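The values are calculated or read from the model by the stated rules, or taken from the named source; none is laboratory data. Only a predicted model underlies this, so the values are computations on that prediction, with no experimental measurement involved. In this analysis, Cβ positions are derived from the backbone assuming ideal geometry, glycine residues included, and neighbour counts consider all displayed protein chains. Note: areas computed on protein heavy atoms with side chains; ligands, DNA, RNA excluded. Shrake-Rupley method; radii C 1.70, N 1.55, O 1.52, S 1.80 Å.
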Amino acid sequence: MRSFHFSFDIAQNSDITTSEVVQFLCGELLCKIVFHRVKSTFIFETDEVLSTLAAKIEQKFPEGIYYELSEVKDGCRGKQNPEIKEDYCIICDTFRSFAKNK
């Protein structure tokens, strides 16, 4: 499995929500969020390669979202943001469970 860092901003006039982004990553792409400590930043694992992931993100969200996606070395996790209220790691597991049952 490869680990990736995904950080994004949603445009003010966009209807996209963080939950939709998580559902796409975890439900459609079957990625697994393993670290979520900043509101719109995730560390996730998948067998996909960077270029394939970027193409799928661009196809799903052609506008209204700005992001950075990069592959990270093993063990790189980052610091916790004390203001975070929801942990999408748990929500991701739910999306993955339902996606596998389709």
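Need pairs with beta-carbon distance below 9 Å; first residue without any contact (Cβ under 8 Å) to a residue 12 or more places away in the chain and within the range 12-39, second aliphatic (A, V, I, L, M) and outside any helix (DSSP H, G or I); sequence gap 6+ or separate chains.
Qualifying pairs under 9 Å: Thr17/Ile10.
Those residues that are modelled with pLDDT of 75 or more and open to solvent by 100 Å² or more (accessible area, probe 1.4 Å), I need them from the range 82-94; list them, please.
At the first step, the residues of the range 82-94 found to be modelled with pLDDT of 75 or more are 88-94.
Listed by number, the list holds a single entry, Ile90.
Would you please list the contacts, defined by Cβ atoms under 6 Å and residues six or more apart or on different chains, that run from a residue in the range 59-81 that is farther than 19 Å from Thr46 by Cα and open to solvent by less than 70 Å² (accessible area, probe 1.4 Å) to a residue that is at pLDDT below 75 and not in a strand (DSSP E or B)?
Qualifying pairs under 6 Å: none.
Of all the residues that make up the range 11-58, how many are over 17 Å from Cys89 (Cβ atoms), in contact with an Asp or Glu (Cβ under 9 Å, 6 or more places away or on another chain) and open to solvent by 50 Å² or more (accessible area, probe 1.4 Å)?
3
So in the range 1-41, with the set limited to residues that are in a strand (DSSP E or B) and under 19 Å from Ser97 (Cα atoms), which one is nearest to the chain's Cα centre (by Cα)? Before you say what the answer is, go through the steps one by one.
Applying the first criterion (in a strand (DSSP E or B)) to the range 1-41 yields 2-10, 32-38, 41.
From what is left, the residues that are under 19 Å from Ser97 (Cα atoms) are 32-36.
Numbers: Lys32: 8, Ile33: 7, Val34: 10, Phe35: 10, His36: 9 Å.
By that ranking, first place goes to Ile33.
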